[in-house]
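The values are calculated or read from the model by the stated rules, or taken from the named source; none is laboratory data. As the structure is a prediction and not an experimental result, all values here were calculated from the model. Cβ coordinates were reconstructed from backbone atoms using ideal geometry, including for glycine residues, and neighbour counts include every protein chain displayed. To get the accessible areas, we keep the full protein, side chains included, count just its heavy atoms, and leave off ligands, DNA and RNA. Shrake-Rupley method; radii C 1.70, N 1.55, O 1.52, S 1.80 Å.
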Amino acid sequence: VQHGQGWEAEWQARFADGAAPAAGDGADLAGLRQILRRRTHRRYLDRPVAEPLLRLLLATAFSASSKSDFQQVSVVLVTDLARRDRLAALVPDMPWIGTAPVFLLFCGDARRLERIGELRRHPSDNGRLEGFFNAAVDAALVLQTFVLAAESAGLGCCPISVLRDHAAAVAEILALPDKVFPVAGLCLGYPAAPGYVSLRLPLAVTVHTDCYDDSGLAAAIDAYDRRRDARYSIPQQRAPERFGDAVFYGWSEDKARQAAAQPEGTAFAAYLRAHGFSLD
Ligand SMILES: Cc1cc2nc3c(=O)[nH]c(=O)nc-3n(C[C@H](O)[C@H](O)[C@H](O)COP(=O)(O)O)c2cc1C
């Protein structure tokens with residue numbers, strides 16, 4: 001896409017709906033095109049990621065905003081193949097965890113602030129919900145900043161939150177102490193295929209002006225399901241033995257089934273409570 005052509009191509013790729021805003025389309029907004037076209041990649045070329053580039057991406061990622069400047073994020077770069085294999089074995093149906101050229105774990109780190117309190121002799125309890133939440137949000141911001149940086153360098157990523165279902169095993173494999181918890185892993189490498197832009201809900205659903213209003217939700221979701229289906233239909237219905245066969249199987253049916261059939265993270269709260277968080 002050339003600069004100066006407006007946002008139509010990116011808009012249609014991302015929303016397939018309505019018209020792109022006629023916003024300033026100068027070269028200085030080129031970074032926005034990159035973000036509008038971003039996508040997850042799960043298959044990678046057999047090409048290493050140079051160590052200096054990886055360090056630059058990490059430096060960029062840690063430039064993300066940080067609640068109260070507390071900087072409550074730690075990343076574990078997993079280079080040891082034995083540890084990597086053990087992580088991959090936890091989730092056999094996601095082989096990209098083991099095959100990506102680089103694998104990182106983004107952790108919320110509520111421990112460091114407590115340690116700093118001890119060093120300065122002003123101890124505090126950072127295991128309450130506020131401490132957990134701040135660390136989780138900071139980790140998510142660093143994660144996404146890493147993803148955007150990597151994509152602008154021609155790399156592809158796939159976050160892996162399913163590892164939270166195995167938090168105790170992950171903590172054992174990577175020696176995570178109490179109050180340091182996985183938010184998501186991240187696969188990284190040069191993409192093996194172009195991939196595709198995943199349609200997002202329209203801004204009419206996700207942006208509310210002045211007051212929250214979801215009165216138009218049902219119709220908007222139906223229309224979104226149809227737009228998505230026209231671009232890529234879902235090949236297999238989820239758990240038909242439980243939910244039956246839908247005549248039209250759209251995104252909302254799939255996501256409702258996913259949330260109802262396989263609630264994720266059921267053991268995570270117990271893991272956190274057993275590892276330093278009161279969450280009160
Ligand atoms: C916090 C987070 C956790 C994710 N966990 C997984 C995962 O465990 N396995 C996986 O294959 N993809 C995972 N993804 C990727 C999402 O499935 C993907 O972002 C989503 O389908 C939207 O596609 P897009 O990123 O290409 O727009 C995760 C994404 C995020 C943001």
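Sub-7 Å Cβ pairs linking a first residue in segment 35-61 that is within 17 Å of GLY195 (Cβ to Cβ) and open to solvent by 100 Å² or more (accessible area, probe 1.4 Å) to a second residue that is in a helix (DSSP H, G or I) and of a type in the set (S, T, N, Q), at least 6 apart or interchain, number zero.
Scanning segment 221-237 for residues that are of a type outside the set (Val, Ile, Thr) and not in a loop (DSSP other than H, G, I, E, B) yields ASP222, ALA223, TYR224, ASP225, ARG226, ARG227, ARG228, ASP229, ALA230, ARG231. Taking segment 165-181 as the range and being within 16 Å of the ligand (Cβ to nearest atom) and within 21 Å of GLN71 (Cα to Cα) as the test, only PHE181 passes. From the set of residues in segment 206-237 that are of a type in the set (Phe, Trp, Tyr) and surrounded by fewer than 15 Cβ atoms within 10 Å (Cβ to Cβ), which is modelled with the lowest pLDDT? Looking at the filtered set, the residue picked out is TYR232.
Scanning segment 144-163 for residues that are closer than 12 Å to PHE106 by Cα, polar (S, T, N, Q) and more than 9 Å from the ligand (Cβ to nearest atom) yields a single hit, THR145. Where helices (runs of 4 or more DSSP H) fall entirely within segment 98-205, those with at least 2 residues that are open to solvent by less than 10 Å² (accessible area, probe 1.4 Å) and over 30 Å from ARG43 (Cβ atoms) are at 129-152. For beta carbons closer than 8 Å, sequence separation of 6+ or different chains, a first residue in segment 125-139 that is hydrophobic (A, V, I, L, M, F, W, C) and a second that is open to solvent by 90 Å² or more (accessible area, probe 1.4 Å) and assigned to a loop (DSSP other than H, G, I, E, B), the qualifying pairs are LEU129/ASP280.
Taking segment 238-256 as the range and being outside any helix (DSSP H, G or I), closer than 17 Å to ARG226 by Cα and open to solvent by less than 50 Å² (accessible area, probe 1.4 Å) as the test, the residues that pass are ALA246, TYR249, GLY250. With the structure loaded, tell me whether GLU10 is more than 26 Å from VAL170 (Cα to Cα) and either open to solvent by 60 Å² or more (accessible area, probe 1.4 Å) or at pLDDT 95 or above (or both) or whether it fails that test. Considered against the rule, which asks whether it is more than 26 Å from VAL170 (Cα to Cα) and either open to solvent by 60 Å² or more (accessible area, probe 1.4 Å) or at pLDDT 95 or above (or both), GLU10 comes out as yes.
Comparison of ASP165, ASP254 shows that the only residue that is within 23 Å of the chain's Cα centre (by Cα), of a type in the set (Asp, Glu) and within 23 Å of THR79 (Cα to Cα) is ASP165. Across segment 62-97, the qualifying residues are those that are without any contact (Cβ under 8 Å) to a residue 40 or more places away in the chain and of a type in the set (A, V, I, L, M, F, W, C), and the one among them that is surrounded by the fewest Cβ atoms within 10 Å (Cβ to Cβ) is ALA82.
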